[in-house]
1. Among the residues of the stretch 126-173, which ones are small (G, A, S) and surrounded by 13 or more Cβ atoms within 10 Å (Cβ to Cβ)?
2. Any residue at all in the stretch 1-15 that's in contact with a strand residue (DSSP E or B) (Cβ under 8 Å, 6 or more places away or on another chain), assigned by TED's automatic domain parsing to the domain that holds I158 and either modelled with pLDDT of 60 or more or exposed (fewer than 15 other Cβ atoms within 10 Å of the Cβ) (or both)?
3. Could you go through the stretch 139-161 and let me know if any residue there is hydrophobic (A, V, I, L, M, F, W, C), in a strand (DSSP E or B) and touching a residue at least 40 places away in the same chain (Cβ under 8 Å).
4. Is it fair to say L99 is assigned by TED's automatic domain parsing to the domain that holds I162, crowded, with 17+ Cβ neighbours inside 10 Å and at pLDDT below 95?
5. Residues of the stretch 57-79 being under 23 Å from R148 (Cβ atoms) and assigned to a helix (DSSP H, G or I), which ones?
6. Taking L177 and the conditions (1) in a helix (DSSP H, G or I); (2) in contact (Cβ under 8 Å) with a residue 12 or more places away in the chain, which numbered condition does it fall short on, given that it satisfies the others?
Amino acid sequence: MPLAGGEEHEASGCGAIGAESLSLGEAATFRRAQHGWADTRVADRDVAVRAWESLFRAQVAIMRSLAADFPSKDISFNEYDVMFNLSRQPDRRIRLRELNEHVLLTQPSVSRLVDRLVSRGYVCKLADPQDGRGAIVELTLEGLALFRRVAVHHMDTITDRIGDSLSTEELRQLTALCDRLRTRSTS
């Protein structure tokens, strides 16, 4: 059976299994075994890749569920993300380029989204006194009030999705592990 890279695999008994039908971790092990590559970290790599796959798939499933059940007609899930990040900043304001580092969107999308929030009075854009080309984005009082109303219901949805699936201790462990992964990834 042809595999990635045009190689052939002989199967015995149950039929051929190509690397394309395996998980990422299984495919990596399959390729190493096929080529006779030595790897002193085989178990560590496979476990790491499987953990990443599981984390990524859980995050996507949870985000899709939260977006589908988002409790507001006034703002979108992504607009909420921007307002959430602004609400956590001193004076509810941050440089636009720094906001880009916190939200789940790409930079051009954030700029357009901020402009939409400005037009509705939920945020304002100010000139950055330290960078004439930059902008500071600030959550208005009207935006903060809307954010708080939506946040109460959104936290209930989050609790339903995550809090009902894990114990309090598991949630603490998950938080610590995710914080450690995020800190390591940004350093």
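The values are calculated or read from the model by the stated rules, or taken from the named source; none is laboratory data. What you see is a predicted model; the values in this text were computed from it and never measured. Glycine gets a Cβ as well: all are built from the backbone with ideal geometry, and neighbour counts include every protein chain shown.
1. Residues satisfying the conditions are G134, A135, G143, A151, G163.
2. There is no residue in the stretch 1-15 that is in contact with a strand residue (DSSP E or B) (Cβ under 8 Å, 6 or more places away or on another chain), assigned by TED's automatic domain parsing to the domain that holds I158 and either modelled with pLDDT of 60 or more or exposed (fewer than 15 other Cβ atoms within 10 Å of the Cβ) (or both).
3. yes
4. Yes; evaluated as a whole, the condition is true for this residue.
5. Listed by number, the residues that qualify are I62, M63, S65, L66, A67, A68, F77, N78, E79.
6. Of the numbered conditions (1) in a helix (DSSP H, G or I); (2) in contact (Cβ under 8 Å) with a residue 12 or more places away in the chain, the odd one out for L177 is (2).
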